[in-house]
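This report refers to the structure that appears directly beneath it.
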Amino acid sequence: MGGKEDPNMIEKEEVEPPHERFSNVQGVSDDLEPKVKKYLRGDRADLEVVKDKRLKGQLEFREELHGQTAKNAAKAEKWLMPCEEGYLEAEGLEKTYRIKQESIITEVDILSSRKAFDIVLPDLGPYTVDYTSSGRHMVVAGRKGHVAIIDMKTMGLIRELQVRETVRDVAFLHNLEFFAVAQKKYPYIYNSHGTELHCLRDHAGGPLRLQFLKNHFLLVSINKYGQLRFIDTSTGVAVGYHRTGLGRCDVMEENPFNSITGLGHSCGKVTMWKPTYGAPLVKMLCHHGPVTAMAFHNGGHLMATAGMDRKIKLWDLRKFEVLRTFTGHAKSLDFSQKGLLASGNGSRVHIWRDSWGDQNYSLYMSHSMVKGYQVGKVAFQPYEDVLGLGHSMGISSILVPGSGEPNFDSWVANPYETSSQRREKEVHELLDKLPPESIDLDPKKIALPKPMRRKEKPSQKEREGEMEAAITAAKGIRLKKKTKGRNKPSKREKKKQEVLVKAKRPFLEENMKEEQSRKKQRIGDEEASLPKALQRFVRKKGAVI
Amino acid sequence: MSRFDIRGALTRLLQGNPSWAAVTTFGEGRNAVSSKSYSGSLDNSSQESSHGLVGAESQQDHGLPNVLFFVTRAEQSWVRKMKVKVISRSTDEFTRERSQDLQRVFRNYDPNIRTQEAATEYVRALNAAKLDKIFAKPFIGAMDGHIDAISCMTRNPNQLKGIFSGSMDGDIRLWDIASRRTVSRFPGHQGAVRGLTASTDGCILVSCGSDCTVRLWNIPVANAMDTDGSSDSSEPLAVYVWKNAFWAVDHQYDGDIFATAGAQVDIWDRNRSQPVNSFEWGKDTVISVRFNPGEPNILGTSASDRSITLYDLRMSSPGRKLIMKTKTNAISWNPQEPMNFTAANEDCNCYSFDMRLMKEAKCVHQDHVSAVMDIDYSPTGREFVTGSYDRTVRIFNFDGGHSREIYHTKRMQRVFCVKFSHDGTYIISGSDDTNLRLWKATASQQLGVLLPRERQKQEYLESVKKRHSHLPEVKRIVRHRHLPKPIYKAASLRRTMVEAERRKNERRRAHSAPGTMPTQPFRKRRILTEVE
């Protein structure tokens, strides 16, 4: 029995569906499977379109290598990661959103408990905050001109300055050494010593929001008049200037997945822009009323918007459809690295989470500040379980377990970076700076084989439509006024007819040609269906009977 | 004094003074206290309202209006039943202990934390291609000393940095590549030296020339090379005079036998003054000979009757002959796949053959615009170098239809011989202008010892470049070479001619009876017959 079974088993193993070779998820244990899928970064490239056989072979081999790398990365993630994700689990019927900050703080270790704080700065608020990409430093800015950089690890103040002007927004550039501040008339760039380096006079008109696209070294600003400007901070070249034409706009977010800039307008529209194209790539009507806040998920498939119509909506950016709608206002929204969504409104902060990774967001935590505080900005600290809040009375932070990515990559963003490492990284970042043209809705399209361009014939209906259009265009032509009897009504009528015929002619000729080819085809078919001896009797064109 | 003192607040936060912190807490209890007090401070920034807010704890701060709320461990009553964990990293675990240690590196390959990877990689590939162009400085130096054109070269098997060269005036020199100086000279030949070869064991150098002599020389030992000065170190070990002028010589890889080419192919034993065997097939002069590196008894020759002939020493008669439309100037065997060889042809192309199947070439390597004079395989067997009458040196991949590199200088004239160095990193070319020239095999390669990190980085860039090399922009940069004007013109003229011929053939085919003019692949087109 056993002897008979064995060859069958071998046979089964050897038979391999042709396309499974690249699926790569095969042959790994169940717990690794989702991880491998993550590292495969989407489907394999479609190589059928590649004509060059040799190139196709090479690319196929690379796809295979890619699958192998994904497996290795999944294994490394499983075994080699030093830190684990945070979590908050309620016991029994208890709900996580009923758990208060103070009870969380008493439960966690003393180092983590220090990360939650309130700093009350009543005079120069309301405050806004921004983190560096490693989460190590925070810059805070008060409306009345107070700017400060804080080291979040040592809780030390690095620099504090007074710009003595209205400050509307603040953003770090590629590292802590530089930050941009949107002031009364212009955005300014300061270094970490508080020295003013640049005044961006091109970006005049009362900048309202600033964003820095760190892959591209682009500083983006939107001003009171809805003018969107891009400047390359490494070279100082103005890369793009677009007038949105939709009025004042103070909602601007970068989609980290593809570096597209999203704007929320007072007409309820959300538009998405890239620097090298003068019109929005996407225009969508999201709310019946002004858009008050928006945020993009790291994975690029989700967008959250909030409007004055008391709705917070989650959008699927692949289909541009609403996934979920919550009721409520939000002054500010932010997605964390692990996909948690924070919304701040009034003195309350809500945090939403999709527990199963299925975009089915539900309330996870909520926190209320002192009554009367107006939360103006929520921002998750990268690589930490902390949510930073800028409000009318200063800055605060609360603990949100499970929000941050627990493991950092030293070459991507290192919270423990030394100054020499930072300098070296700056050089590498500049070398890897992406050109502004690389910003596109689908960033994975780059370096993939292009799909074949098939020349499609216009359908009968389309052709008829074109003919109609040509005829109406011909009818619209105004004839010149002629002299010496050539302007007689009969002549004019004749001329008109000529023009019409001329317009119709190419279409009719096309039709005729098609008819002929169809006829030929039919004759060929008839001929083929007949026996050889009878084929000569098939009626040819022009034959008379 | 500022009224927005964050520093004070932060220091107090770090001190974590519980008695201070207990004053204010999160939640409902706090609301009443703080909301009342800060409304006062918003209205008027009077000192007393600020004092009222802060209370007694901030005396050292001159009554600043900022307050820090946080919770102490005392308030256990609010704790609900739950499990909680937050990310908590201790600095010690993530930084180095002492300043002598290496910085600690942590990796996370998650695609979500590095966005736009595809674009970044593409930019890296593009930059790597550009950097390659910037650093491409292949020419290392010229070795000057001969007073006539260099006709032949051979490597010194004892040393990485030794090379022998023979010139048209009968001079033979041993060069030290590292210092680019003559180490010793071997005078004796009356006419041109046409062939040079060294035995694999590194004892004997064999030279032959148009003065009808074969001369055997002692190769100086390795340390003698370090002594400076171009001394006429040695007398020949032996001088064998024969009936005809010689064109080439090659030593067996494994054994004592060497072969000379002239009016016929002569097989010599090192210790005998006369050839032990002679092969003749046709009346024309044999112009090159090369032993197979894998099978010591097989050798390939090319002759001026446009033929390539393979001989087996174990048989009395020649083995196989292939006649092409033009003459083959030199052949070279692939040292890693010894059944394959490449022939440098007069018609500007090189043809790679499998010696078992010579009906058609495996690959045609085109790019030269004049006759290819010499060819030599890299020890890796993945690429070969050719020297041409068009005054350029080109490097081809063993399976590449076009060259991957072209080397030229203003002063280099027609190249008669090329050699790879033993380690495959350098190329030596000998040309009509009496100079040997030393080139890097990879134009942008960094010489000297690389640190492991440097090497890794370069390997990474190389693979990224390779991965994107089919994309038009990268391809354009990688392929682009500046050519001397005569070569550029000759190349475009050649293209025109080839195109014209193709068109003409097409028309002929269209106007002749179907089947009378079959299309022949380029790999077969230049081959006339194969004779067994």
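Structure values in brief
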item	result
Residue within the stretch A:325-347 that is free of Cβ contacts under 8 Å to residues at least 60 places away in the same chain, part of a loop (DSSP other than H, G, I, E, B) and among the hydrophobic types (A, V, I, L, M, F, W, C) present	yes
Any hit, the stretch A:281-289, residues being under 30 Å from residue A:406 (Cα atoms) and of a type in the set (D, E, K, R)	no
Set B:493, B:483, B:461: member being in contact with a Leu (Cβ under 8 Å, 6 or more places away or on another chain) and either under 21 Å from residue B:394 (Cβ atoms) or more than 10 Å from chain A (Cβ to nearest Cβ) (or both)	B:461
Subset of the stretch B:201-220 that is part of a loop (DSSP other than H, G, I, E, B) and hydrophobic (A, V, I, L, M, F, W, C) - its residue that is nearest to residue B:247 (Cα to Cα)	B:212
Any chance residue A:319 is part of a loop (DSSP other than H, G, I, E, B), more than 14 Å from chain B (Cβ to nearest Cβ) and within 14 Å of the chain's Cα centre (by Cα)	yes
Checking residue A:385 against (1) facing another protein chain (nearest Cβ under 9 Å); (2) open to solvent by 10 Å² or more (accessible area, probe 1.4 Å); (3) within 19 Å of residue A:134 (Cβ to Cβ), the condition it does not meet	(2)
Residue ranges of strands (runs of 3 or more DSSP E) in the stretch B:422-532 with at least 1 members surrounded by fewer than 14 Cβ atoms within 10 Å (Cβ to Cβ)	B:527-531
From the options A:426, A:466, residue that is open to solvent by 70 Å² or more (accessible area, probe 1.4 Å) and more than 10 Å from every other protein chain (Cβ to nearest Cβ)	A:466
The listed residue being small (Gly, Ala, Ser) and more than 17 Å from residue A:127 (Cβ to Cβ), out of A:392, A:396, A:347, A:355	A:355
Among residues of the stretch B:340-366, those that are farther than 17 Å from residue B:397 by Cα and not in a strand (DSSP E or B), counted	7
Selection status of residue A:392, open to solvent by 10 Å² or more (accessible area, probe 1.4 Å), in contact with a Gly (Cβ under 6 Å, 6 or more places away or on another chain), more than 7 Å from chain B (Cβ to nearest Cβ) and among the small types (Gly, Ala, Ser)	yes
Residue, most open to solvent (accessible area, probe 1.4 Å), within the stretch A:121-134, restricted to residues that are assigned to a loop (DSSP other than H, G, I, E, B) and more than 10 Å from chain B (Cβ to nearest Cβ)	A:126
The stretch A:102-119, subset more than 7 Å from every other protein chain (Cβ to nearest Cβ) and surrounded by 21 or more Cβ atoms within 10 Å (Cβ to Cβ), residue farthest from residue A:395 (Cα to Cα)	A:113
Failed condition for residue A:371, given (1) more than 23 Å from residue A:122 (Cα to Cα); (2) in a loop (DSSP other than H, G, I, E, B); (3) among the basic types (Lys, Arg)	(1)
Pair list, Cβ under 6 Å, 6 or more apart: the stretch B:111-126 residue at the interface with chain A (Cβ under 7 Å from one of its Cβ atoms) and without any contact (Cβ under 8 Å) to a residue 12 or more places away in the chain, other residue open to solvent by 20 Å² or more (accessible area, probe 1.4 Å) and outside any loop (DSSP other than H, G, I, E, B)	B:118/A:444
Test: residue in the stretch A:338-360 that is open to solvent by less than 20 Å² (accessible area, probe 1.4 Å), more than 25 Å from residue A:395 (Cα to Cα), out of contact with any helix residue (DSSP H, G or I) (no Cβ under 9 Å at 6 or more places or on another chain) and at pLDDT below 95	no
Condition check for residue A:445: open to solvent by 20 Å² or more (accessible area, probe 1.4 Å), within 9 Å of another protein chain (Cβ to nearest Cβ), over 30 Å from residue A:104 (Cβ atoms) and out of contact with any helix residue (DSSP H, G or I) (no Cβ under 6 Å at 6 or more places or on another chain)	yes
Complete set of residues in the stretch A:82-95 that are surrounded by 15 or more Cβ atoms within 10 Å (Cβ to Cβ) and within 7 Å of chain B (Cβ to nearest Cβ)	A:83, A:86, A:88, A:90
Any hit, the stretch B:53-66, residues being part of a loop (DSSP other than H, G, I, E, B), crowded, with 17+ Cβ neighbours inside 10 Å, at pLDDT 50 or above and not hydroxyl-bearing (Ser, Thr, Tyr)	no
Verdict on residue B:294 being under 15 Å from residue B:341 (Cα atoms), surrounded by fewer than 17 Cβ atoms within 10 Å (Cβ to Cβ) and under 31 Å from the mean Cα position of the chain (by Cα)	yes
From the options A:368, A:397, residue that is in contact (Cβ under 8 Å) with a residue 12 or more places away in the chain, surrounded by fewer than 19 Cβ atoms within 10 Å (Cβ to Cβ) and of a type in the set (Ser, Thr, Tyr)	A:368
So residue A:164, is it in a loop (DSSP other than H, G, I, E, B) and modelled with pLDDT under 95	yes
Scope the stretch A:391-425; condition under 21 Å from residue A:104 (Cα atoms) and of a type in the set (Gly, Ala, Ser); matching residues	A:396, A:397, A:402, A:403, A:404
Pairs where the first residue, in the stretch A:143-168, is facing chain B (nearest Cβ under 10 Å) and the second is part of a loop (DSSP other than H, G, I, E, B) and open to solvent by 60 Å² or more (accessible area, probe 1.4 Å), C-beta under 8 Å, 6+ apart	A:145/A:164; A:155/A:114
Qualifying residue in the stretch A:429-452 (condition: over 30 Å from residue B:127 (Cβ atoms), assigned to a helix (DSSP H, G or I) and free of Cβ contacts under 8 Å to residues at least 40 places away in the same chain)	no
Of all residues in the stretch A:487-534 being aliphatic (A, V, I, L, M) and at pLDDT 90 or above, the one that is most open to solvent (accessible area, probe 1.4 Å)	A:512
Among the candidates A:271, A:276, A:292, residue that is over 22 Å from residue A:379 (Cβ atoms), assigned to a strand (DSSP E or B) and among the polar types (S, T, N, Q)	A:271
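To keep it simple, each residue is scored yes or no on (1) polar (S, T, N, Q); (2) closer than 23 Å to residue B:420 by Cβ.
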position: B:307; (1), (2): yes, no
position: B:329; (1), (2): yes, yes
position: B:336; (1), (2): yes, yes
position: B:348; (1), (2): no, yes
position: B:355; (1), (2): no, yes
position: B:359; (1), (2): no, no
position: B:372; (1), (2): no, yes
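The values are calculated or read from the model by the stated rules, or taken from the named source; none is laboratory data. Note that the structure is predicted; figures quoted are calculated from it, not measured. Neighbour counts are summed over all protein chains in view; Cβ atoms, including those assigned to glycine, are modelled from backbone coordinates with ideal geometry. Protein only, heavy atoms only, side chains kept; ligands, DNA and RNA dropped before computing areas. Shrake-Rupley method; radii C 1.70, N 1.55, O 1.52, S 1.80 Å.
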